[in-house]
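The values are calculated or read from the model by the stated rules, or taken from the named source; none is laboratory data. In this text the structure is predicted, and so the values were computed from the model without any measurement. In this analysis, Cβ positions are derived from the backbone assuming ideal geometry, glycine residues included, and neighbour counts consider all displayed protein chains. With ligands, DNA and RNA removed, areas are computed over all heavy atoms of the protein, side chains included. Shrake-Rupley method; radii C 1.70, N 1.55, O 1.52, S 1.80 Å.
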Amino acid sequence: MIRALIIDDESKARNLLKVTMERIFPGQFLLETADDSEDGLLKIHYFKPDLLFLDIEMPMMNGFDFLAAIPEIDCKVIFTTAHDQYAIRAIRYNALDYLLKPINPIELKEAVERYQSHRGRKDVYSRQIENFFEHKERNLAITTYDGVVFLEVDTIIRCEADLNYTRFVLTDNKTFVSSKTLKEYEDLLTVHNNFLRIHRSHLVNLDYVLKFKSEGLLVLKDSSSVPISRRRKEEVVSRLSVRSTAVHS
């Protein structure tokens, strides 16, 4: 049984979403509701939902402030709102989806099915984290639209952020796009000392650095040029200075 929490200060919208979920997914969800952000903060701790339907505009605390108040939240979020100007910000919060009110049942069904398809991959990712921190293996499991793909860490040249997705570039010129953020992969890959975040959009394998350019670029062995952010430049120079593969120009 999947646990889902609906947080919305409008009783009509809250109850309609609950009824629609029960009709589309009979017997699949254990549903709980909260009528404002304060009630939601209480229920998210004792109910521990797997999926959160979160209204954005609420009194006292909006949906984004609500998430900021619980940084350790361990569930997927689907934002619900009557206003479409929040879409980009919702993407930045790595929301699973963003539904406009009145909620279209077909769009709701698609969003929940997307959650269900990703849910089965969570255990794979959790085991991957354990393996990385215990240094048991050198493979990385990434979630793509085609399923879980296992990559040899040593073949990863660089990773590039694309909103809440990550593009992997490999030594054989293959690329894969994962539905997880670059920050999640940074936490895994930097455990192995050869990976470094050099820019908010770029994580590179220092083993494949060909040249450091004074204008703030790294040239990699796949011939790509990757920018270095100003605040990262000193760390990049320091790390490269102790690596025999780096050539400075």
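Coupling constants for the stretch 196-213 follow from the phi torsions by the Karplus curve (6.51 cos²θ - 1.76 cosθ + 1.60, θ = phi - 60°), and in residue order they are 9, 7, 9, 6, 4, 10, 9, 10, 10, 8, 5, 5, 10, 7, 9, 7, 9, 9 Hz; glycine and proline get x.
Backbone phi angles across the stretch 216-229, fed through the Karplus curve with coefficients 6.51, -1.76 and 1.60 (θ = phi - 60°), yield HN-Hα couplings of x, 10, 10, 9, 9, 6, 8, 6, 7, 10, 10, x, 10, 5 Hz in residue order; Gly and Pro are listed as x.
Find the accessible area per residue for the stretch 147-228; the probe is 1.4 Å, ligands and nucleic acids are left out, and the unit is Å². Walk me through the numbers on the way to the answer.
Values: 3590 Å² over 82 residues.
Per-residue value: 44 Å².
Computed extension length for residue 200-residue 110: 29.3 nm, one decimal, from 0.36 nm per residue of separation with the Cα-Cα distance subtracted.
Highest average first, the peptides 15-21, 225-231 ordered by how many other beta carbon atoms sit within 10 Å of their residues are 15-21, 225-231. Computed over protein heavy atoms with a 1.4 angstrom probe, the accessible surface ordering of 145, 185, 98, 165, largest first, is 145, 165, 98, 185. Of all lysines in the structure, the ones whose alpha carbon falls short of 30 Å from that of residue 183, not counting any fewer than 8 places away in one chain, are 43, 48, 76, 109, 122, 136, 174, 211, 213, 221, 233.
Expressed in nm to one decimal, what extension gain is obtained for the pair residue 234 and residue 83 from 0.36 nm per residue of sequence separation less their Cα-Cα distance?
Values: separation 151, 0.36 × 151 = 54.36 nm, distance 4.25 nm.
So the chain would gain 50.1 nm between residue 234 and residue 83.
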